[in-house]
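Down below is the structure, laid out as structure tokens.
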Amino acid sequence: MNIYIDFDDCICETARYFSGLLMELFGKDVPYEKIRYFDLQKSFSLTEDEFEKLMIEGHTHDTLMAYEETPGAVETINSWLDSDHDVSIITGRPYSTFDTSREWLDKHGLERVKLYCLNKYGRDAFLKNSEFSLEIEDYYKMHFDYAIEDSPAAFKFFDHLPELKVMVVDRPWNQEHELPGENYHRCFDWSEIRGLVK
């Protein structure tokens, strides 16, 4: 099987960290459970300058390395690799974070998993012709049987794969979002994901 996995809030607890970072930087209290939108600028009611500051701090080496693993993610991914499945982590993080993201994966026991930075949201000047950066047209040439994703904004990237089964990691910002079709399954933890991917 070919398996697509998003990075942030699928295998690590990014939004929980950002909630604390928001308090640290701006004295604003928005608990993780109250993050209603994938767009953190909207969820946190930030100005453009404040949001930029949050994003810069949230993507430093030390901050990225501090993100906690989502329980069960590493064990499940390694069980798929042990069964010779092809696993690709495809993140919308800027390509400038590739080395640190790779370091986080290696530190958490995911040395064997492939990592790609996909220009999902047009946020970044991506490095062209790199083995690990994907433009949308490159991504659309790839095939997956399963996807693990938390962001409703990313669901459009699955439209070209009508047979794809999508495991939606339950998060506050997707709980009110209607899932696009019968191939989408809301999952509350990695044991549930593991049971559905077979």
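Rule-based calculations on the coordinates, nothing more; no lab input. Because the structure is predicted, anything quoted here is derived from the model rather than measured. Here Cβ is always computed from backbone atoms with ideal geometry, including for glycine, and neighbour counts include all displayed protein chains.
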Ranking LEU134, TRP190, MET167 by how far each Cα lies towards the positive end of the charge dipole of the stretch 133-198 (+1 on Lys and Arg Cβ, -1 on Asp and Glu Cβ), the top one is TRP190
Counting only DSSP beta bridges with both partners in the chain, the antiparallel fraction in percent, to the nearest 5, comes to 5
Taking Cα atoms only, helix 98-107 is inclined relative to the longest principal axis of the chain by an angle, in degrees rounded to 10, of 70
Counting only DSSP loop positions in the stretch 47-106, the GluC sites (Glu not before Pro) whose Cβ has at most 13 other Cβ atoms within 10 Å are GLU68
Nearest 10, in degrees from 0 to 90: the angle of helix 73-82 to the longest Cα principal axis of the chain is 20
For the stretch 14-66, the Cα-Cα pair-distance distribution in 10 Å bins from 0, as whole percents, is 26, 62, 12
So the angle from the long Cα axis of helix 14-26 to the longest Cα principal axis of the chain, reported in degrees to the nearest 10, equals 10
For the stretch 39-49, in residue order, the Karplus 3J(HN,Hα) values (coefficients 6.51, -1.76, 1.60; θ = phi - 60°; whole Hz; Gly and Pro = x) are 6, 5, 4, 6, 4, 9, 6, 9, 6, 4, 5
Note, ILE35: beta-carbon cut-off 15 Å, +1 each Lys/Arg, -1 each Asp/Glu, net -3
Across the chain, qualifying lysine pairs (alpha carbons under 18 Å, at least 8 places apart or different chains) come out at 13
Other residues with Cβ under 10 Å from the Cβ of PRO180 give, with Lys and Arg +1 and Asp and Glu -1, a net charge of -2
Note: THR60 to MET142 extended length (0.36 nm per residue) minus current alpha-carbon separation gives 26.5 nm
Cα-based Rg/(2.2 N^0.38 Å) for the chain, rounded to two decimals, is 0.99
